[in-house]
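Have a look at the structure below before the remarks.
The values are calculated or read from the model by the stated rules, or taken from the named source; none is laboratory data. Being a predicted model, the structure only gives us computed values, none of them experimental. Don't worry about glycine lacking a Cβ; one is built from the backbone with ideal geometry, like all the others, and counts go over all protein chains shown. Accessible surface is based on the protein model in full, side chains and every heavy atom, while ligands, DNA and RNA are left aside. Shrake-Rupley method; radii C 1.70, N 1.55, O 1.52, S 1.80 Å.
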Amino acid sequence: MTKHQDTTALDAPEAAMRTELACVGSGTPVPEAPRSTSWRRLVHTLRDSLIEKVITASQEHIRRDAHTAGVDERTFEIQVRLHIPSIPNAELRSRNAGEVYELVRSIALTQSAEIRQGLEDAELYANTSLLIKQYTAKKSLALESLDGDRLPLRFGAVKPSVGHLYQRRLHYLRAVRSDTHLQCGIYLPGGTYPITYAAFSACDRPYIADSLIAEALHCPIEECLVLTRMYGLPGIPANLISLTLKHAIRALRRNGEYRLLLTAFNPMLGFTGAAFQASGFYPFAVAPVAYHYTDRGNFVTRRGRRSTSRHATGTPPNVLTVRGIDRSMQKNVIESVNVISISMDDHAFKTKVDGKLPGCDSAFLDQLFHYRTRLERAWSDQTIHPSYLSVTDRGPRSRGQCGVSSVWLVRELRKKHHADATYCYGDLVFTDSRHRPVLHHCWIEIGSEDNPSRRVIDITCDQAEALDAPVLYQRHDELVRQGLDYRARTRLTLDELPDDRVWHRFLALSDAVDSDTEMITTN
């Protein structure tokens, strides 16, 4: 995202500040920050001196291995940095720099080679062959070369299926944020893939809401948006990332739905946050980083971790930054925000905003019917379950569309209500034997599996002959009393769904439903 500039070890004052950062608790201002401490010094403070020594000593190896993997040196270096914390602390400190590098070299090569494969598609469809000259990005959304050649650029929405590729295959984390609901970027002429990419999600971390939104800025969490992924294709002009942020903020301001934009960057991985600083972000907290790894050593995000993962301790924190989207909120940010330290306990346990769904009132039911209408317009052979493609008599249009529609609704409820719904696959059984069951069906539930009053939302329930309405929203125990029993065989959270077979059909549905025209307009 940004080029790594400094790899020197910490000097004595910076080391002292690092100790102070480690000692303060949640909600406690960081000494001398942020205004008496420069952005650059804060970044240096949060570097790891051991990792910096490994990177400095391994520059020639990194250059060679990056060439082998087919990526630029910075891409490869990030993978090295990202996987060093997988080494147990005792072993890490007992080895020299060359030995540490060799321990993560194989996984860095594998990850980088897979990124290269994704880049081949992205660069082709982004039309990067146009960048045969040295260009400078202009605020007027154009690229200009030294000889006066100009290439017009376009800012606009990114299709969810394209965003999936950028998150899964190109971004250094190589992990999909399943709750992404806004995606945008800058395009070259004729490009169908962007050369820069930004993804946004709703704010769902209480340790952020409590420390910043409630205490300092008094902004409802519903008006806060998080920039979760930022990426630029290799070889693009350096200031295109900040230009992308500028146009994204402008589009968000026009929409008026959000007032705060939050994001984070990790100095230990060599990021400086320069694009964020240039775009008017201010640091408001430092927060622990959860480094989780599979048994094979691959990094996984906290949202995607499994019980077999392990993680390092004692690593420097991330920098959390904030920017007001409208001018009055930005003024509030500048005047009110101070850097605090998020405690390990808050980071580990305050990870879920408790959303509240409306009761079974007419307004929410009307909203569900509105969702159903939107989904119907997007159903196609690309979204239907393959087993129904060869069926001549498919019955209602919703048949075979229950899975993708349920995934879409799970994500929409997270976005609109901060509600964690569960995607369910199983059977709808009727106690009246005259009615045929709906086998291999999908719906969503809100509440734990052992809670009889958990709520069931079935947005394609007209697949059942006994049900007339296309949408159902009721408590599970009430449905059982009426003779309807939703029996789930599989239950998946939103964060688990990208690994399910339904996800790619869901992306086709999302491409059709979620054009992002409400938020991101093309110029």
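Given the criteria assigned to a loop (DSSP other than H, G, I, E, B) and within 22 Å of Arg411 (Cβ to Cβ), does Ser448 qualify? Outline the logic, then answer.
Numbers: assigned to a loop (DSSP other than H, G, I, E, B): yes; within 22 Å of Arg411 (Cβ to Cβ): yes.
Considered against the rule, which asks whether it is assigned to a loop (DSSP other than H, G, I, E, B) and within 22 Å of Arg411 (Cβ to Cβ), Ser448 comes out as yes.
Quick check: anything in segment 258-268 among the aliphatic types (A, V, I, L, M), open to solvent by 10 Å² or more (accessible area, probe 1.4 Å) and farther than 23 Å from Arg116 by Cα? First the steps, then the outcome.
Applying the first criterion (among the aliphatic types (A, V, I, L, M)) to segment 258-268 yields 260-262, 264, 268.
With the extra rule that they be open to solvent by 10 Å² or more (accessible area, probe 1.4 Å), the set shrinks to 264.
Filter once more, so that each one left must be farther than 23 Å from Arg116 by Cα: 264.
Among the residues of segment 258-268, at least one is among the aliphatic types (A, V, I, L, M), open to solvent by 10 Å² or more (accessible area, probe 1.4 Å) and farther than 23 Å from Arg116 by Cα, which makes the answer yes.
Mind listing just one residue for me: the one in segment 452-467 that is assigned to a loop (DSSP other than H, G, I, E, B) and within 16 Å of Tyr423 (Cα to Cα) and, of those, most open to solvent (accessible area, probe 1.4 Å)?
Looking only at segment 452-467, we keep the residues that are assigned to a loop (DSSP other than H, G, I, E, B), and these are 452-454, 459-460, 464-467.
Right, trim to within 16 Å of Tyr423 (Cα to Cα) and you get 454, 459-460.
Working: Arg454: 24, Ile459: 3, Thr460: 1 Å².
Here the answer is Arg454.
Can you name the residue in segment 214-225 that is surrounded by fewer than 22 Cβ atoms within 10 Å (Cβ to Cβ) and not in a loop (DSSP other than H, G, I, E, B) and is also modelled with the highest pLDDT among such residues?
Looking at residues that are surrounded by fewer than 22 Cβ atoms within 10 Å (Cβ to Cβ) and not in a loop (DSSP other than H, G, I, E, B), I get Glu223.
Take the conditions among the basic types (Lys, Arg), at pLDDT 95 or above and crowded, with 17+ Cβ neighbours inside 10 Å and apply them to Arg372. Does it pass? Full working, then the answer.
On the way: among the basic types (Lys, Arg): yes; at pLDDT 95 or above: yes; crowded, with 17+ Cβ neighbours inside 10 Å: yes.
It is true that Arg372 is among the basic types (Lys, Arg), at pLDDT 95 or above and crowded, with 17+ Cβ neighbours inside 10 Å.
State which residue is least open to solvent (accessible area, probe 1.4 Å) when the search covers only segment 228-254 and only residues that are small (Gly, Ala, Ser) and more than 21 Å from the chain's Cα centre (by Cα).
As a first pass, look at segment 228-254 and keep what is small (Gly, Ala, Ser): 232, 235, 238, 242, 248, 251.
Among the residues that remain, those that are also more than 21 Å from the chain's Cα centre (by Cα) are: 235, 238.
Details: Gly235: 75, Ala238: 95 Å².
Only one residue tops the list, namely Gly235.
Restricting segment 51-60 to residues that are farther than 18 Å from Phe265 by Cβ and part of a helix (DSSP H, G or I), which is least open to solvent (accessible area, probe 1.4 Å)? Give the derivation first.
So the first thing to find is which residues in segment 51-60 are farther than 18 Å from Phe265 by Cβ, and the list is 53-54, 56-60.
Those still in the list that are part of a helix (DSSP H, G or I) too: 53-54, 56-57, 59-60.
Details: Lys53: 127, Val54: 4, Thr56: 76, Ala57: 69, Gln59: 56, Glu60: 117 Å².
Top of the filtered list is Val54.
Within the group Arg489, Arg454, which residue is of a type outside the set (A, V, I, L, M, F, W, C), more than 30 Å from Arg253 (Cβ to Cβ), within 32 Å of the chain's Cα centre (by Cα) and modelled with pLDDT under 95? First the steps, then the outcome.
Details: Arg489 fails: modelled with pLDDT under 95.
Exactly one residue qualifies, and that residue is Arg454.
Residues of segment 375-399 being open to solvent by 80 Å² or more (accessible area, probe 1.4 Å), of a type in the set (Asp, Glu) and under 29 Å from the mean Cα position of the chain (by Cα), which ones?
Once the filter is applied, which keeps residues that are open to solvent by 80 Å² or more (accessible area, probe 1.4 Å), of a type in the set (Asp, Glu) and under 29 Å from the mean Cα position of the chain (by Cα), segment 375-399 yields only Asp381.
If I go through segment 257-293 residue by residue, how many of them are farther than 17 Å from Arg41 by Cβ and either within 17 Å of the chain's Cα centre (by Cα) or hydrophobic (A, V, I, L, M, F, W, C) (or both)?
Looking only at that region, the number is 13.
Please enumerate the residues belonging to segment 143-174 that are open to solvent by 50 Å² or more (accessible area, probe 1.4 Å) and touching a strand residue (DSSP E or B) at 6+ places or on another chain (Cβ under 7 Å).
Residues satisfying the conditions are Glu144, Arg150, Pro152, Arg154.
Just name the residue that is farthest from Leu494 (Cα to Cα) out of those in segment 176-201 that are of a type outside the set (Phe, Trp, Tyr) and within 8 Å of the chain's Cα centre (by Cα). Let's see the steps before the verdict.
At the first step, the residues of segment 176-201 found to be of a type outside the set (Phe, Trp, Tyr) are 176-186, 188-192, 194-196, 198-199, 201.
Filter again for within 8 Å of the chain's Cα centre (by Cα), leaving 176-180, 199, 201.
Details: Val176: 11, Arg177: 9, Ser178: 6, Asp179: 7, Thr180: 11, Ala199: 17, Ser201: 13 Å.
By that ranking, first place goes to Ala199.
Which of (1) open to solvent by 10 Å² or more (accessible area, probe 1.4 Å); (2) under 22 Å from Leu365 (Cα atoms); (3) not in a strand (DSSP E or B) is the odd one out, the single condition Gln474 does not satisfy?
(3)
May I ask you to verify whether Tyr231 is within 23 Å of Ala278 (Cβ to Cβ) and free of Cβ contacts under 8 Å to residues at least 60 places away in the same chain? Spell out the reasoning first.
Details: within 23 Å of Ala278 (Cβ to Cβ): yes; free of Cβ contacts under 8 Å to residues at least 60 places away in the same chain: no.
No; evaluated as a whole, the condition is false for this residue.
From the set of residues in segment 375-415 that are under 17 Å from Ile444 (Cβ atoms) and aliphatic (A, V, I, L, M), which is modelled with the lowest pLDDT?
Leu413
Scan segment 261-288 and report the pairs whose first residue is over 20 Å from Ile334 (Cα atoms) and β-branched (Val, Ile, Thr) and whose second residue is at pLDDT 95 or above and in a helix (DSSP H, G or I), with Cβ atoms within less than 8 Å and a gap of 6+ or a chain change.
As it stands, the answer is none, since no pair meets every condition given.
Of all residues in segment 133-142, count the ones that are in contact with a Ser or Thr (Cβ under 7 Å, 6 or more places away or on another chain) and either open to solvent by less than 70 Å² (accessible area, probe 1.4 Å) or in a strand (DSSP E or B) (or both).
Residues of segment 133-142 in contact with a Ser or Thr (Cβ under 7 Å, 6 or more places away or on another chain): 133-135.
With either open to solvent by less than 70 Å² (accessible area, probe 1.4 Å) or in a strand (DSSP E or B) (or both) added as a condition, the list becomes 135.
Selection size over segment 133-142: 1.
Are any of the residues in segment 426-444 part of a loop (DSSP other than H, G, I, E, B), in contact (Cβ under 8 Å) with a residue 12 or more places away in the chain and of a type in the set (Lys, Arg)?
yes
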